[in-house]
Amino acid sequence: MAEIEPGAWERQTLEKVALAAIHEQRRARNWGIFFKLLLFIYLFALLFVGMGWIGKKESSPGKHTALVEVNGVISSNSQASADSITTGLQDAYKDKGTRGIILRINSPGGSPVQAGHINDEIRRLRAKHPEVPLYAVIEDICASGGYYIAVAADKIFVDKASVVGSIGVLMDGFGFTGTMEKLGVERRLLAAGDNKGFLDPFSPVVELQKDHAQQMLGQIHQQFISVVRAGRGKRLKETPDMFSGLLWVGQKSIELGLADAIGSVDYVAREVIKAEDIVDFTPRENVAERLAKKFGAGMTEGLAHFGVFQGMTLR
């Protein structure tokens with residue numbers, strides 16, 4: 001019988017334990033690599049979707065109602081910008097399966113320039129494609145710039161509780177001269193040009209500048225009124241306060257000729273356009289675009305501190 005060398009058993013046991021530990025470490029490392037790879041693939045897929053490279057909507061192969069949304073404040077750096085809305089409308093008209101278009105509006109208003117661009121493009125597209133009707137469907141609110149857009153449609157549908165109107169223009173701001181006087185703060189404004197500090201909130205109101213601003217507001221208001229009259233035509237039952245900036249509920253807006261009938265998106269698609277299948281053509285911002293717009297908005301806000309005039313809004 002062979003003799004076991006003293007300490008050999010302990011060495012063999014230690015070797016086995018060490019090898020087992022090494023195998024376990026390798027196994028753990030392999031699993032770690034596997035899970036890291038899965039995480040990388042997941043993040044990469046999110047990036048592709050976020051950048052808009054995959055997951056894009058396909059249009060319906062058959063006849064359908066196209067939907068484009070005007071949601072929120074209308075401005076150049078919002079989802080309800082002229083670029084976004086007109087792109088959606090153009091895509092909807094190009095689709096061979098489109099039997100009619102619904103412009104779903106839920107907006108308190110915004111930029112008169114952006115609203116004007118959208119109104120102009122709707123009228124151009126309607127003239128180019130007379131066989132494809134376009135209807136505006138108002139949800140909670142369609143005020144000011146939102147209504148400026150709506151009047152370009154063939155017909156306007158509302159809910160009985162929708163809020164419609166506010167045909168007016170405003171320019172708002174604040175004055176801090178009294179507060180500065182109480183705090184003992186002196187305003188030092190240097191400018192080349194008599195009116196370069198136009199309506200500066202830290203200086204007393206200059207009547208000449210105030211009158212000029214009121215004239216500009218009046219000119220844009222008249223443009224708004226002309227667009228409403230052109231869009232609604234003989235359906236409009238004008239009253240002394242129709243263009244005063246007041247709002248009306250949906251049922252009253254129909255009586256005044258500001259809208260045509262009660263109806264939801266589903267109702268108009270099913271009963272008016274006769275194409276119940278709805279395809280959304282509203283452009284959706286991807287992650288990169290949202291980040292770029294946030295950066296741009298931040299830059300704009302920063303630069304705004306170097307000027308006073310913030311622009312006029314239809315709201």
Checklist entry - In the stretch 65-80, how many residues are over 20 Å from Ser264 (Cβ atoms) and surrounded by fewer than 24 Cβ atoms within 10 Å (Cβ to Cβ)? => result 6
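Residues checked against (1) under 20 Å from Ser111 (Cα atoms); (2) part of a loop (DSSP other than H, G, I, E, B); (3) at pLDDT below 90:
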site: Met180; (1), (2), (3): no, no, yes
site: Arg187; (1), (2), (3): no, yes, yes
site: Asp200; (1), (2), (3): no, yes, yes
site: Phe224; (1), (2), (3): yes, no, no
Checklist entry - What number of residues within the stretch 92-115 are open to solvent by 10 Å² or more (accessible area, probe 1.4 Å) and either part of a helix (DSSP H, G or I) or out of contact with any strand residue (DSSP E or B) (no Cβ under 9 Å at 6 or more places or on another chain) (or both)? => result 6
Checklist entry - Just checking, how many residues over the stretch 223-243 are loosely packed, with under 14 Cβ neighbours inside 10 Å and over 19 Å from Arg123 (Cα atoms)? => result 5
Item to check | Qualifying position, being more than 20 Å from Gln222 (Cβ to Cβ) and modelled with pLDDT under 95, among Gln79, Gln90 | outcome: Gln79
Checklist entry - Got a number for residues in the stretch 240-259 being modelled with pLDDT under 95 and part of a loop (DSSP other than H, G, I, E, B)? => result 7
Checklist entry - If the Cβ limit is 6 Å and pairs must be 6+ apart or interchain, which residue in the stretch 209-222 that is within 17 Å of Ser111 (Cβ to Cβ) pairs with which residue that is part of a helix (DSSP H, G or I) and open to solvent by less than 80 Å² (accessible area, probe 1.4 Å)? => result Ile220/Pro112
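On the basis of being more than 21 Å from Val227 (Cα to Cα), at pLDDT 95 or above and of a type outside the set (Ser, Thr, Tyr), does Arg104 make the cut? Can you show your working first?
Numbers: more than 21 Å from Val227 (Cα to Cα): no; at pLDDT 95 or above: yes; of a type outside the set (Ser, Thr, Tyr): yes.
No.
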Item to check | Verdict on Phe224 being aromatic (Phe, Trp, Tyr) and in contact with a strand residue (DSSP E or B) (Cβ under 8 Å, 6 or more places away or on another chain) | outcome: yes
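The values are calculated or read from the model by the stated rules, or taken from the named source; none is laboratory data. Owing to the predicted nature of the structure, the values given are computational and were not obtained by experimental measurement. Every residue, glycine as well, gets a Cβ built from its backbone with ideal geometry; the counts of neighbours run over all protein chains shown. Remember, those area values only see protein heavy atoms, side chains included, never the ligands or the DNA or RNA. Shrake-Rupley method; radii C 1.70, N 1.55, O 1.52, S 1.80 Å.
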